[in-house]
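Q: Have a look at this one before I ask anything.
We did not get these values from a lab; they are worked out from the coordinates using the rules stated. Please read all numbers here as calculations on a predicted model, not as lab measurements. We place every Cβ from the backbone using ideal geometry, glycine too, and count neighbours over all the protein chains shown.
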Amino acid sequence: MPEKQVISTPRAPQAIGPYSQAIRTDPFIFVSGQIPLEPGTGQLITGDIEAQTRQTLENLKAILEAAGSSLDKAVKTTIYLTRIEDYAAVNKVYSEYFNSQKSGMPARSVMAVAGLPRGAGVEIEAIALVGGGIES
């Protein structure tokens, strides 16, 4: 049975509830939904949805790196938006972070929700490979 390792890094905001930033169970890491909180202060980033998306993805990236993974190893992401009208703007920033032709884009779902923690406009969670990935 695979071991379960809790991942925590000060480079991303600490959990604001009873959950872990991520759980690693090789060959995967499961990253909890990240919102645009500044890691040092825990304060919500104010500004447009692009700024919020950028901070959210920086938080996600920091957690993946702390677990020995990276955005390039993401296999699935889920995006939650409080305004579906922000879809194009979020895609613009998302494509800056997930643009690897070599590893391919992760599978993805996007959904509109009634609300997110702390009044955030976006939340993103991910599943990624760790290390060398899955043996074939």
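Q: I'm trying to understand the selection: among the residues of segment 23-80, which are farther than 20 Å from Ala107 by Cα, assigned to a loop (DSSP other than H, G, I, E, B) and among the acidic types (Asp, Glu)?
A: Glu38, Asp48
Q: Next question, about the same structure. Give Val31, Val6 a once-over and let me know the one that is touching a residue at least 60 places away in the same chain (Cβ under 8 Å) and on the phi < 0 side of the Ramachandran plot.
A: Exactly one of Val31, Val6 is touching a residue at least 60 places away in the same chain (Cβ under 8 Å) and on the phi < 0 side of the Ramachandran plot, namely Val31.
Q: Oh, and also: Taking segment 55-106, which residues are among the β-branched types (Val, Ile, Thr) and either touching a Phe, Trp or Tyr at 6+ places or on another chain (Cβ under 8 Å) or under 12 Å from Ile127 (Cα atoms) (or both)?
A: Correct list: Ile63, Val75, Thr77, Thr78, Ile79.
Q: Restricting to segment 84-115, what's the tally of residues that are outside any loop (DSSP other than H, G, I, E, B), out of contact with any helix residue (DSSP H, G or I) (no Cβ under 6 Å at 6 or more places or on another chain) and under 19 Å from Ile35 (Cβ atoms)?
A: 11
Q: Could you tell me whether Gly42 is out of contact with any helix residue (DSSP H, G or I) (no Cβ under 6 Å at 6 or more places or on another chain) and free of Cβ contacts under 8 Å to residues at least 40 places away in the same chain?
A: It is true that Gly42 is out of contact with any helix residue (DSSP H, G or I) (no Cβ under 6 Å at 6 or more places or on another chain) and free of Cβ contacts under 8 Å to residues at least 40 places away in the same chain.
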